[in-house]
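Visitor: One structure, as structure tokens, below. Some questions next.
The values are calculated or read from the model by the stated rules, or taken from the named source; none is laboratory data. Worth saying up front: this structure is predicted, and the values here are computed from it rather than measured. As a convention, Cβ positions derive from the backbone with ideal geometry for all residues, glycine included, and neighbour counts pool all protein chains shown. To get the accessible areas, we keep the full protein, side chains included, count just its heavy atoms, and leave off ligands, DNA and RNA. Shrake-Rupley method; radii C 1.70, N 1.55, O 1.52, S 1.80 Å.
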Amino acid sequence: MLNATLHFIETTDSTNRYLADMAAGKIAHTPKIQDFTVVYTHKQTAGRGMGTNQWHSDEGQNILASFYFEPDIDASQQFFFNRFFALAVRDMIAKY
């Protein structure tokens, strides 16, 4: 059974930045970050995409979340892992 920890923040500049700050111990009163920690929000003010891309979304209209985990897989298999993860998320969302 997977044990995930969910953290909801009403508004944040970036779920990815917030999660990185949690991992670095920069967020007060949060436990040590563990695999399968998720940060999600209804509104991002400065979301980021891949590389230097920005992520723009209307409040409450998108799934704004960042996931933390460190799978023990070879770098050559990371594409397949990302593909599996994306399809699993799609299948979960389709149920709702």
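Visitor: At q = 0.15, 0.18, 0.19, 0.22 Å⁻¹, what is the log10 ratio I(q)/I(0) for the chain, with the Debye formula run over Cα points and no solvent?
Guide: Debye output, listed in q order: -0.70, -1.01, -1.11, -1.37.
Visitor: Give, in nm to one decimal, the length gained when the segment between residue 83 and residue 24 is fully stretched (0.36 nm per residue of separation minus the Cα-Cα distance).
Guide: So the chain would gain 18.5 nm between residue 83 and residue 24.
Visitor: Calculate the dipole size of the chain relative to its Cα centre from +1 charges on Lys and Arg beta carbons and -1 charges on Asp and Glu beta carbons; express the result in debye to the nearest 20.
Guide: Roughly 80 debye for the chain.
Visitor: Can you return the aspartates and glutamates within cross-link range of residue 43? Criterion is Cα-Cα under 15 Å, with same-chain partners fewer than 8 residues away left out.
Guide: Leaving aside aspartates and glutamates fewer than 8 places away in the same chain, those within reach of residue 43 are 10, 13, 58, 59.
Visitor: Here is a follow-up. Averaging over all projection directions, find the projected area of the Cα convex hull of segment 1-51 and quote it in nm² with one decimal place.
Guide: Its average projected convex-hull area is 4.3 nm².
Visitor: Moving on. With a 1.4 Å probe and every protein chain left in place, work out the accessible area per residue of the chain in Å², rounded to a whole number.
Guide: 79 Å²
Visitor: Over the heavy atoms of residue 90, what accessible area does a 1.4 Å probe trace out, to the nearest 10 Å²?
Guide: Roll a 1.4 Å probe over it and residue 90 shows about 140 Å².
Visitor: Would you grab the residues whose amide H sits under 5 Å from the one on residue 47? Only those 5+ places off in sequence or on another chain, please, with H modelled 1.01 Å from N.
Guide: Close amide H contacts, sequence-distant or interchain: 55.
Visitor: Starting from 0.36 nm per residue, how many nanometres of slack lie between residue 65 and residue 46 once their C-alpha separation is accounted for?
Guide: Length gained, residue 65 through residue 46: 5.5 nm.
Visitor: Let me ask something else. What aspartates and glutamates sit close enough to residue 32 to cross-link, taking a C-alpha to C-alpha distance under 20 Å and skipping anything fewer than 8 places away on the same chain?
Guide: List returned: 21, 70, 72.
Visitor: Run the helix sum for the chain: -39,500 (n - 2.57) per DSSP H stretch of 4+ residues, divided by residue count, reported at 222 nm to the nearest 500 deg cm²/dmol.
Guide: The helix-only estimate for the chain comes to -8500 deg cm²/dmol at 222 nm.
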